[in-house]
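**Student:** Below are the structure tokens for one structure; questions will follow.
The values are calculated or read from the model by the stated rules, or taken from the named source; none is laboratory data. As the structure is a prediction and not an experimental result, all values here were calculated from the model. A quick note on method: Cβ atoms are made from the backbone with ideal geometry, for glycine too, and the neighbour counts reach across all protein chains shown. Remember, those area values only see protein heavy atoms, side chains included, never the ligands or the DNA or RNA. Shrake-Rupley method; radii C 1.70, N 1.55, O 1.52, S 1.80 Å.
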Amino acid sequence: MSAPRPQPRPTPRPGVLSIQAYVPGKSSAPGVAKIFKLSSNESPLGPSPRAIEAYRKAGEHLEDYPDGSASDLREAIGRVYGLDPDRIVCGAGSDDLLNLLARAYLADGDEAIHTTHGFLVYPIATLGAGATPVVAAEKNFTADVDAILAKVTDKTRLVFLANPNNPTGTYVPFDEVKRLQRALPAHVLLVIDAAYSEYVERNDYESGIELVATSENVVMCRTFSKIHGLAGLRLGWMYGPAHVVDAVNRIRGPFNVNLPAIAAGIAAIEDTAHQDFSRAHNRKWLGWLTEEIGRLGLEVTPSVANFVLIHFPTDKGRTAADADRFLSARGLILRQVSSYKLPNALRMSVGTEEANRLVVQALAEFLGSKR
């Protein structure tokens, strides 16, 4: 008797099964009583108390659908930044919006450019839309405008630019971003991912709002997950030209932002005092971590965000993987970044004072330094 023939089953479109799924930073260390999770760039200060209260009040009405256009939230964002709410789209985190942009503007055979150490969602979104991700080399762990432009072809439809970049913490000055936009073909959409922009304190930086306001082929994405401390609610927003907003709204889910997230988002973005407090904490400890870790003999890439990229030697026993095991055993969870083509580095979020000091002490012990 012949063997039974295998039954046919649905198969994904070509390319889907070759996508490397996004793996978030780990959050646990078995056998350790107290964990300091410094792997996901979360706010060490948490959300605004106003946002927590707004979230709780929204919990009294969970039987109701949210406003499908998140109009109150868009208006609140518009008031804070002086923007037209009709040119704002909200989503379930900025990665939701990045995927919507890819779906709206990429097709089979198209190309989308991102840089060597750019956010992992960019190639995932590109491949998910059936297009081809193209990698532009970085210079000193920073996006290079000339390298990006050299990769532009007649197939290019999108350019993803994380500014500041995750996981390196570097940024591209505004003049360079404008030079990039001017040199791109008019039909290529420049997507500026400004998830960490609220932390940047450089005179030559601009999040992208000005460029969006004066261009037809630029959009800016932002998130409530970082300085606003609402990562658990998944909330982001996008500002773009009216024609891009129209395209994205045609394919996004009608209730892609939940009711508690809308309520908490409004309260969070209006609480400027909490944002200032978070920014001041980051300013102090970002500088401290950079200096103290550097004193241990480890290279730290200069960062303008709320994390540092720490480079380790390749000597046996002192590698990034060795350091990760050593720190994890002490409940100090940093981010492995091999998937970002940085196998010899770890990314550390700026944490509480206790967490920051513990990491530096542990690294000193790991390296055999006396402090």
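**Student:** Which pairs do you get when a residue that is under 13 Å from V350 (Cα atoms), found in segment 286-299, comes within reach of a residue that is open to solvent by 40 Å² or more (accessible area, probe 1.4 Å) and not in a strand (DSSP E or B), reach meaning Cβ atoms under 8 angstrom, with the pair 6+ apart or on two chains?
**Tutor:** T290/P302
**Student:** If you don't mind, another one. For segment 317-371, enumerate the residues that are open to solvent by less than 70 Å² (accessible area, probe 1.4 Å), part of a strand (DSSP E or B) and among the polar types (S, T, N, Q).
**Tutor:** Correct list: S349 only.
**Student:** So G229 ticks every box in (1) over 13 Å from the mean Cα position of the chain (by Cα); (2) over 27 Å from I310 (Cβ atoms); (3) small (G, A, S) but one. Which box is left unticked?
**Tutor:** Answer for G229: the failing condition is (2).
**Student:** Mind telling me which of the residues P123, P133, P185, P167 ends up being of a type outside the set (D, E), in contact with a helix residue (DSSP H, G or I) (Cβ under 6 Å, 6 or more places away or on another chain) and surrounded by fewer than 23 Cβ atoms within 10 Å (Cβ to Cβ)?
**Tutor:** P133
**Student:** Check segment 195-215 and report whether any residue there is farther than 22 Å from T142 by Cα, of a type in the set (A, V, I, L, M) and either over 20 Å from the mean Cα position of the chain (by Cα) or open to solvent by 30 Å² or more (accessible area, probe 1.4 Å) (or both).
**Tutor:** Checking segment 195-215: at least one residue is farther than 22 Å from T142 by Cα, of a type in the set (A, V, I, L, M) and either over 20 Å from the mean Cα position of the chain (by Cα) or open to solvent by 30 Å² or more (accessible area, probe 1.4 Å) (or both).
**Student:** Report, by residue number, each residue of segment 264-276 that is open to solvent by less than 30 Å² (accessible area, probe 1.4 Å) and not charged (D, E, K, R).
**Tutor:** If the condition is that a residue be open to solvent by less than 30 Å² (accessible area, probe 1.4 Å) and not charged (D, E, K, R), then A264, G265, A267, A268, I269, H274, Q275 are the ones that fit.
**Student:** Mind checking whether some residue in segment 293-302 is loosely packed, with under 14 Cβ neighbours inside 10 Å and either acidic (D, E) or in contact with a strand residue (DSSP E or B) (Cβ under 9 Å, 6 or more places away or on another chain) (or both)?
**Tutor:** Yes, the conditions are met somewhere in segment 293-302.
**Student:** Would you be able to tell me the number of residues in segment 175-209 that are outside any loop (DSSP other than H, G, I, E, B), touching a residue at least 24 places away in the same chain (Cβ under 8 Å) and not small (G, A, S)?
**Tutor:** Count: 15.
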